[in-house]
1. How large is log10 I(q)/I(0) at q = 0.10, 0.14, 0.15 Å⁻¹ when the Debye formula is applied to the Cα atoms of the chain, each weighted equally and without solvent?
2. Picking from PRO50, PRO68, PRO196, which is most flexible by a Gaussian network model of the chain using Cα springs under 10 Å?
3. Given the options GLY180, GLY128, GLY54, state which has the largest fluctuation in a GNM of the chain using a 10 Å cut-off (strictly under) for Cα springs.
4. For the pair ILE115 and ARG63, how long in nm is the line joining their label points, each one 7 Å along Cα→Cβ?
5. Can you compute the helix-only [θ] at 222 nm over the chain? Use -39500 (n - 2.57) per DSSP H run of at least 4 residues, normalise by all residues, nearest 500 deg cm²/dmol.
6. How would SER143, SER77 line up from fewest to most surrounding beta-carbon atoms within 10 angstrom?
7. What does the convex hull of the alpha-carbon atoms of region 1-84 project to on average, in nm²?
8. DSSP loop trypsin sites (Lys or Arg not before Pro) in region 114-162 with at most 13 other Cβ atoms within 10 Å of their Cβ, which ones?
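No lab work stands behind these numbers, since they all come straight from the coordinates. As the structure is a prediction and not an experimental result, all values here were calculated from the model. Methodologically, a virtual Cβ is constructed for each residue, glycine included, from the backbone with ideal geometry; neighbour enumeration extends over all protein chains shown.
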Amino acid sequence: MPTLLHVDSSPLYGQSVSRELTGAFVAEWKSSRPDGAVVYRDLNATSIPPIDAGWLGAAFTPREAHSPEQQRLLALSDSLITELEQAEEYVIGVPMHNYSVPSVMKLWIDQITRIDKTFSYANGAQKGLIIGKKATFIIATGSTHDRRTEAPSFNFVETYLEALFGFLGLTDMTFITATGTGVLNHGQDRNAFLAPHLQAVQVRAQA
Ligand SMILES: Cc1cc2nc3c(=O)[nH]c(=O)nc-3n(C[C@H](O)[C@H](O)[C@H](O)COP(=O)(O)O)c2cc1C
């Protein structure tokens, strides 16, 4: 049974472009895979603490030597990493906030980027441990930043996610960007604006 991990990170819920597009991706993905399962991780509804010295100490301590307190400190990280391990495919919604990913996404990334769980340095060579996965990142930006079609300056979202998830071992990554959503605040018809992005998302979900 194929499993899709669906991650959202926009605080705007009903108004959010990235949430609407990830929702359309999931609907299309399910309709083409009736036996598929979807695991949902809403980062705006998940309480994720920043990593601290205790967390880092636990992460760099071999698992068999963990104290009960260290096990507790890593429990959320363990369960978020299990979600990544158990899904074959990911769809990840990302609103651009201040030229980068939203803070809830950075908190999640800090929990899932863990030595000897999602990456390793065996024999001095860096190796990503999340392999064989297929990821679609759906990004929404208020101004016009699209790395592939427009001036990429100040779009750190896609380059960052590509570098980070590449470090964790992913090679099959697609980025779909709805750029210039600010026009929706100035009278642009939402359905007309979203139509080409919905089509791109649906094509990718069927693939
Ligand atoms: C806190 C915040 C920071 C933002 N920073 C930027 C930015 O740096 N560049 C940009 O083009 N748009 C920026 N925007 C606009 C969002 O990228 C835009 O509204 C996008 O549609 C957000 O995705 P969403 O609709 O899924 O929430 C920002 C919006 C918010 C709420």
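1. -0.45, -0.86, -0.97
2. Its mean-square fluctuation being the largest, the pick is PRO68.
3. Answer for the Gaussian network model of the chain: GLY54.
4. About 1.6 nm, to one decimal.
5. -12500 deg cm²/dmol
6. SER143, SER77
7. Average of the hull's projected areas for region 1-84 equals 7.1 nm².
8. For trypsin sites (Lys or Arg not before Pro) across region 114-162 that sit outside H, G, I, E and B with at most 13 neighbouring Cβ atoms in 10 Å, the list reads ARG148.
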